[in-house]
C-alpha cells in the first residue's frame, strides 16, 4: 500500500518537474529570439543610423548563461544530450539500463558539487555586488541565479530519470522472470 502511495507521489513530482523543464525551455526559446532580435536591431541601427548600442554584445553574451543552464533538464527529458551510440548500441537492453543508472548516479554526485559551486558563486556575487566588466556594468546576480536554478532543476530531473530507469529495470526484470 505504501509503495503505491510513494509511486504516485513520485509520478506527480516527476510530472511537476517535467512542466518546469518545459517552462525553462520556453524561457530559453524566448531568450534566443530576444537576443537574435536585439542583435538584428543593433546591426540595423549601427548600419543605417550610425549609433552603436553598447549593451548588445554584453547582454547577448550574458544571455547565453540562462540559455545553457535552464535547458539542461529539458534536454535530458527529451534524450537530446550527447550520446555514445557507437559503443552503447552493442549492449543488451538490460546492460544499457544498468549503464544509464550508473551514469545517472555519477551525474547526481557531480550535480551536487555543481549546486554547491553555483550557490557559492551566487552568494559571492550578491555579497560583493559584482557587475559585469563590460560598459553596461550589468549586475551578475540574475545570471548566477539562473545557473543555480538550472543546476538544481537538472539535478531534480536527473533524480527522476534515475528513479524511472530503476522502475523500468525492475519491471523488465519482473517480466523476464515470468
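Read-outs throughout are calculated quantities, based only on the coordinates presented, and are distinct from any laboratory measurement. Just so we're clear, the structure is a prediction, and the values are computed from it rather than from any experiment. For neighbour counting, all protein chains shown are included, and Cβ atoms are generated from backbone atoms with ideal geometry for every residue, glycine included.
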Kindly state, to the nearest 0.05, the FRET efficiency for residue 10 paired with residue 138, given R0 = 41 Å and r defined as their beta-carbon distance.
-> 0.55
Between residue 46 and residue 116, the two model label points (7 Å from Cα along the beta-carbon direction) sit apart by a distance in nm of 4.3
Length-normalised contact order of the range 2-177, Cα under 8 Å, at least 6 apart, in percent, tallies to 30
In degrees from 0 to 90, rounded to the nearest 10, what is the angle of the helix 93-128 Cα long axis to the longest principal axis of the chain?
-> 30
A correct fewest-to-most ranking of 90, 38 by other Cβ atoms within 10 Å would be 90, 38
Semi-axes in Å, largest first, for the chain (Cα gyration tensor, √(5λ)) are 41, 19, 15
Distance between Cα centroids, the range 46-105 to the range 127-178: provide it in whole Å.
-> 12
Cα axis of helix 2-44 to longest principal axis of the chain: angle in degrees, 0 to 90, nearest 10?
-> 20
Label point distance in nm, residue 39-residue 105, each placed 7 Å from Cα along Cα→Cβ | 4.2
Ascending count of other beta-carbon atoms within 10 Å, so fewest first, for 47, 138, 131 | 47, 131, 138
Could you list 119, 69, 113 in order of exposure, starting from the residue whose Cβ has the fewest other Cβ atoms within 10 Å?
-> 113, 119, 69
